[in-house]
Amino acid sequence: MSDKNITVPVNIDEQAVANQTRRSFLRKSVAVAGGAVVAAVAANQASAAAQVTEPLAIPPTNKILGRGVVSIPYGLPSKFEAHVVRRNVEWLTPDTIASISFTPMQDLEGIITPSGLHFERHHGGAVDIDPKTHRLVVHGLVEKPMIFTIEDLKRFPQKSGFWFLECPANGAMEWNGVQMDSVQFTHGMVSCTEWVGVSLLDIMKAVGVKKEATWFFGEGADGAALQRSVPLPGAKDQFGKPISDFDANTIYKDIIVAYAQNGEALRPENGYPIRLIVPGCEANMSVKWLRRLKFVDKPLVTYQETRHYTDGMKDGRFRQYTLVNETNSVVTFPCPDKKMSGKGSYEIRGLAWSGRGKIKAVDVSVDGGKTWTEAKLVDPVFSKCFTRFTLPWEWDGKEALVMSRAMDETGYVQPTLKQLIDERGTSGIYHKNSIQTWKVSANGEVHNVQLRSL
Amino acid sequence: MFNSEVSKSAFGKSVLAAALFAVSSFAFAADANGIGKTITEQAIAPWNISVHFDGDGLPAGKGSVAQGEPIYQAKCAMCHGEFGEGAKGYPKMLGETVEHMTELAKKGEDTVGVRGINSLWGHAPTLYDYIRRAMPFFAPQSLSNDEAYATTCYVLYIAEIVKDDKLVCDASVLKATKMPSQDNFYTDPRPDVKNARCMKDCAKGDPVVTQMAVQGVSGDTSRNVAKPANH
């Protein structure tokens, strides 16, 4: 608790506060000690010299009885948090069935995305599946083709992890210039969750995967019956060229068939009752509503691996099996959705993640990339997981260009947009993991800008 | 110990099968005794509908361009266009040719909106796979195998990939049909860019800020959907 004098509304009735003029509001301000009430709406707009002098009103909630237990059997966020929701972009997709919604990055704290705020990406809409009738079939190049109930799967040893899932189209609207003046829309195709389920390795062991198997694919029980090929050691593409060592030899080891997220069953939009989780990779590979795993000796090159999720390059060719989401980061405060309120002390906060392992360092710049300062990484720091970074900032009230640049444990440093465009062009759609710049104006507004000079 | 880690060195070698079935000496080892049931391929068959790029998995049956036309016009044209030109924001069947799309890409022009089956789809068998499993959008898995062949055949025709309007498509025809973009793919070479972790004096001169709101949104997230910035 600090001893600084701050202003608080004397009457917590929101409408009354809203109706006050700034002058009458300040007249009613009173002196208090204690930093816990920093939420005071206009505190920072008052001059630093303003002092709270009027005795505090007793909050009406001190004088009533609240709700009893289980009046809301499954707890929900406060009604005052109703603005914290997933959102979609109407013009991005022709319907909301094969579409995407965005996580409100600006409102996330810590490293876990609440299940109800996890971004959604459906190709045939979200379906409701009865776990009693749902089955997982595992077959192909195996000694023993098998079928499992959900109860069967829960008898296997549990494997869990804190892993992000990111649609590789995260940021895709920004290749040709600034479009989305909101961190929810520039970066909200990513979420981070504690996933719980069965190790793929245990399932492979149970069915006896044959040594000829160099790929497997998962398939969903939704209207898209979505399928994606995942490499195993020895994997080669359809031209006979090997998949990279990292992709073929490490990705599969982390994979689970998940039945739980953040302490409870999967949400329907996230694949209830079971889904594949392929940590670090394009979320499209983490097939939802999973009904089948087939072990094979070649990729499918299915719709999701040719027409979509291939990256158009500046020479006209398309990259395929761009599986890993490379190191990325974004400042979530300040951001266009969370503006500044007067000069003084702040903490710059943000999230970083890498599909190749742990985040090693995050650097922050407030001068458009001329100078950088290493931020603090907030524990815990897990592999292929959101990592929270913070840096104290004394804002002088002048224009600033705020950026973050993450580095992962492989030494890969998050690139600039110019570096990506110089290498790939602007028609790639996917894997735009470049450094994001927010322009903070003297009036405290924050906007999305691009620095093409870097 | 849970003997679940299949090591890189063991994988792909003859010891793999043995490793997978290794019985641990620990009483609490993770085996799968009594978990799940075995299942015959015959029982799996209704779900085993995946088709590989080389045609592996294509079923028996056939369908012609002529048979595909009424199916496409009734069930597909409202989204993909009467002539495959796309509609209402849904994908084109007939986009720019690979050659023209490549020219656009080399000129630095956007190619996202011009893609069709003719410009970006590697293999005809997986076109069949996708149509059978996921189309028509509003009624997936409602086409018979023959109807899926006919629809695939018609789409190949209106996408100008096959020229013969008398064509009858079956497994062998789809396997033999070379898609224009088949060789236009290559496997991920990333990491492809290398940024340095510079800490000071990193940028020369003042940063050039560009703001090019083309079709963007405002920062107003009071609504549940984004709205265009340019209004």
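Values quoted throughout were computed directly from the atomic coordinates according to the rules given, and no laboratory measurement underlies them. Just so it is clear, the structure is predicted and the values come from calculations on it, not from any experiment. Positions of Cβ are generated from backbone atoms using ideal geometry, with glycine treated the same way; all protein chains shown enter the neighbour counts.
Highest mean packing comes first when the peptides A:326-337, A:417-428, A:373-384 are listed by Cβ atoms within 10 Å, giving A:326-337, A:417-428, A:373-384. Whole-Hz Karplus values for region A:332-340 come out as 9, 8, x, 7, x, 7, 9, 7, 7 Hz, taken residue by residue from phi with 6.51 cos²θ - 1.76 cosθ + 1.60 and θ = phi - 60°; glycine and proline positions read x. Near A:E374, the amide H atoms lying under 5 Å from its own belong to A:V364; only residues 5 or more places off or on other chains count, and H is placed 1.01 Å from N.
Think of the protein assembly as shown as a dipole: +1 on every Lys or Arg Cβ, -1 on every Asp or Glu Cβ, centred on the Cα centre; then among B:M78, A:W393, A:T113, A:W393 lies furthest on the positive end. Look at the dipole of region A:259-353 built from charges on Cβ: of A:P279, A:A260, A:V324, the Cα furthest out on the positive end belongs to A:A260.
Subtracting the Cα-Cα distance of A:E347 and A:K210 from their residue separation scaled by 0.36 nm leaves 44.0 nm. Along the axis of the charge dipole computed for region A:179-274 (Cβ charges of +1 for Lys and Arg, -1 for Asp and Glu, origin at the Cα centre), the listed residues A:M189, A:P242, A:A221 are led at the positive end by A:P242. Shielding of peptide A:414-423 by partners, expressed as the average count of other chain Cβ atoms within 10 Å per residue Cβ, is 3. Residue by residue, region A:163-177 carries 3J(HN,Hα) couplings of 9, 7, 10, 9, 5, x, 7, 4, x, 4, 6, 10, 4, 9, x Hz when phi is fed to the Karplus relation 6.51 cos²θ - 1.76 cosθ + 1.60 (θ = phi - 60°); x denotes Gly or Pro. Computed on region B:62-176, the Cα convex hull volume stands at 92 Å³ per residue. A simple rule links phi to the HN-Hα coupling: the Karplus curve 6.51 cos²θ - 1.76 cosθ + 1.60 with θ = phi - 60°, which for region A:246-254 gives 4, 5, 6, 10, 10, 4, 5, 5, 8 Hz, with x for Gly and Pro.
Could you give me the percent of Cα pairs per 10 Å distance bin for region A:56-103, shortest bin first, beginning at zero and ending with the bin that holds the maximum distance? Reading upward from the zero bin: 18, 27, 26, 16, 12, 1.
Can you work out the FRET efficiency for the pair B:D165 and B:V112, with r the C-beta to C-beta distance and R0 = 35 Å, to the nearest 0.05? The partial results should precede the final answer.
On the way: r = 31 Å, r/R0 = 0.87.
So, using R0 = 35 Å, E works out to roughly 0.70.
Bridging of A:K439 to lysines at a Cα separation below 27 Å is possible for A:K338, A:K339, A:K343, A:K360, A:K370, A:K376, A:K398, A:K418, B:K194, B:K200, B:K204, B:K227, once same-chain residues fewer than 8 apart are set aside.
When the Cα gyration tensor is reduced to axis lengths a ≥ b ≥ c, the ratio a/c is 1.5 or higher for region A:328-449, and with a/b not above b/c it is classed as oblate.
Full extension of the chain between B:D56 and B:N33 yields a length gain of 5.0 nm, computed as 0.36 nm times the residue separation minus the alpha carbon distance.
Sorting A:78-85, A:389-396 by average packing, meaning the other beta carbons within 10 Å per residue, from highest down gives A:389-396, A:78-85.
With q set to 0.09, 0.11 Å⁻¹, the log10 of I(q)/I(0) for region A:257-399, from the Debye formula over equal scatterers at the Cα positions, is -0.45, -0.64.
Only Lys, Arg, Asp and Glu carry charge here, each on its Cβ (+1 for the first two, -1 for the last two); on that basis region A:328-449 has a dipole of about 240 debye about its Cα centre. Going by the alpha-carbon gyration tensor, a ≥ b ≥ c the square roots of its eigenvalues, is region A:99-319 rounded (a/c under 1.5) or, if a/c is not under 1.5, prolate (a/b greater than b/c) versus oblate? Taking the square roots of the gyration eigenvalues as a ≥ b ≥ c, region A:99-319 is oblate. Remark: spin-label model distance A:K418-A:K241 equals 2.9 nm, labels positioned 7 Å along the Cα→Cβ axis. Normalised by the number of residues in region A:208-282, the average gap of Cα pairs under 8 Å and 6 or more apart makes the relative contact order 20 percent. Dividing the summed helix terms, -39500 (n - 2.57) for each DSSP H run of n ≥ 4, by the number of residues in the protein assembly as shown produces a 222 nm estimate of -4500 deg cm²/dmol to the nearest 500.
A crude spin-label estimate for the pair A:V378 and A:E81, with each label 7 Å from Cα along the Cβ direction, gives 1.4 nm. Put a plus charge on the Cβ of each Lys and Arg, a minus charge on the Cβ of each Asp and Glu, and nothing anywhere else: the dipole of the protein assembly as shown about its Cα centre is then about 920 debye.
Ranked by the mean number of other Cβ atoms within 10 Å of their residues, highest first, the peptides B:34-46, A:188-200, B:148-160 come out as B:148-160, A:188-200, B:34-46. Got the relative contact order for region A:263-347 handy, in percent, Cα pairs under 8 Å and 6 or more residues apart? After rounding, I find 18 percent.
A simple charge model with +1 on the Cβ of Lys and Arg, -1 on the Cβ of Asp and Glu and nothing else charged puts the dipole of region A:402-454 at about 180 debye relative to its Cα centre. The mean sequence distance of close C-alpha pairs (under 8 Å, at least 6 residues apart), as a share of the length of region B:62-176, puts its relative contact order at 39 percent. Counting only other chain Cβ atoms within 10 Å of each residue's Cβ, the peptide A:236-242 averages 3. Debye-formula intensities of the protein assembly as shown, expressed as log10 I(q)/I(0) at q = 0.06, 0.09, 0.10 Å⁻¹, are -0.39, -0.83, -1.00 (one equal scatterer per alpha-carbon, no solvent).
Remark: mean inter-chain Cβ contacts per residue of A:293-304 equal 5, using a 10 Å Cβ-Cβ cutoff to other protein chain atoms.
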